[in-house]
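The values are calculated or read from the model by the stated rules, or taken from the named source; none is laboratory data. Worth saying up front: this structure is predicted, and the values here are computed from it rather than measured. Using ideal geometry, Cβ is built from the backbone for each residue, glycine included, and neighbour counts are taken over all protein chains shown. For the accessible areas, the whole protein counts, side chains as well, though only heavy atoms, and no ligand, DNA or RNA atoms are used. Shrake-Rupley method; radii C 1.70, N 1.55, O 1.52, S 1.80 Å.
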Amino acid sequence: MAPRKKLSASERRAQLIEVGRAAFADKGFAAVSAEEIADRAQVSKPILYQHFGGKEGLYAVIVDREMENLVGIITEAISAGRPREQLERAATSFLRYVADNPDGFAVLSHDMPAGAGEGSLSSVLNELAGRVGRVFASEFKKAGYDPRYAPLYANALVGMVTFVSQWWVAERKPSIEVVASHVSALAWMGLRNLPRKPGAVDRGRERRGSGVGRRSPR
């Protein structure tokens, strides 16, 4: 049997990141030991500590990379185009990330280790909501709406896309493009018909019927 090729420091680091990401995606942070990661990578545990200081350091690097990747993808999607196009591209990009990076999304979706200040899906979503909120604030101003409420709608949109993505991971159908078009249509119709000053529902008027409730199926 030919001896294994000796990896350079950068190659070993990249290998440990890939191995660690798969392990954390499979079991979560708490259930994976440094020994298991070293065994999967076929290295001694001191090698892992040499590169990352332990599994905590490796986990932090993996999560940071996934956060930067996802945030970058969504930021690019909403950086140009008309509002409706931005919504659909953002939903499509999020779903595409989930499809192309199942281990990365799984790592972000798992509970973060106790005592960690950041490093979970919630951290990513907060960052995404902040960037989407800035886009919404600009559009709200143009349309004559109060931009103070832009973060509310940004968080609602990001939350909706996230939960749909988690559902889609299990179903894997319909296609990403179809799911994104439905999600963006729902969000767009809501934003397009948004009252300038939303108030409590008029129960009497609701009972008289309006909108979807009055339509007969076709």
- Task: Identify the residue in the stretch 127-184 that is closer than 22 Å to Asp100 by Cα and of a type in the set (S, T, N, Q) and, among all such residues, is most open to solvent (accessible area, probe 1.4 Å).
- Result: Gln166
- Query: If you scan the stretch 41-59, which residues turn out to be open to solvent by 10 Å² or more (accessible area, probe 1.4 Å) and within 20 Å of Asn101 (Cα to Cα)?
  - Reply: Tyr59
- Complete set of residues in the stretch 28-40 that are surrounded by 14 or more Cβ atoms within 10 Å (Cβ to Cβ) and of a type in the set (D, E, K, R): Glu36, Asp39, Arg40
- Message: Suppose the filter is at pLDDT 90 or above, open to solvent by less than 60 Å² (accessible area, probe 1.4 Å), among the charged types (D, E, K, R) and within 21 Å of Val169 (Cα to Cα); does Arg21 pass it?
- Response: yes
- Note on the structure: Considering the stretch 112-126, residues that are closer than 12 Å to Gly159 by Cα and open to solvent by 20 Å² or more (accessible area, probe 1.4 Å), and then whichever is modelled with the highest pLDDT, we arrive at Asn126
- Message: If I ask for residues that are open to solvent by 40 Å² or more (accessible area, probe 1.4 Å) and touching a Ser or Thr at 6+ places or on another chain (Cβ under 9 Å), which ones from the stretch 86-106 would you list?
- Response: Glu88, Arg89
- Query: Tell me, which residue of the stretch 121-145 that is without any contact (Cβ under 8 Å) to a residue 24 or more places away in the chain and among the charged types (D, E, K, R) is nearest to Glu76 (Cα to Cα)?
  - Reply: Arg134
- Selected residue (criterion: most open to solvent (accessible area, probe 1.4 Å)) from residues of the stretch 185-199 that are in a loop (DSSP other than H, G, I, E, B) and free of Cβ contacts under 8 Å to residues at least 12 places away in the same chain: Lys197
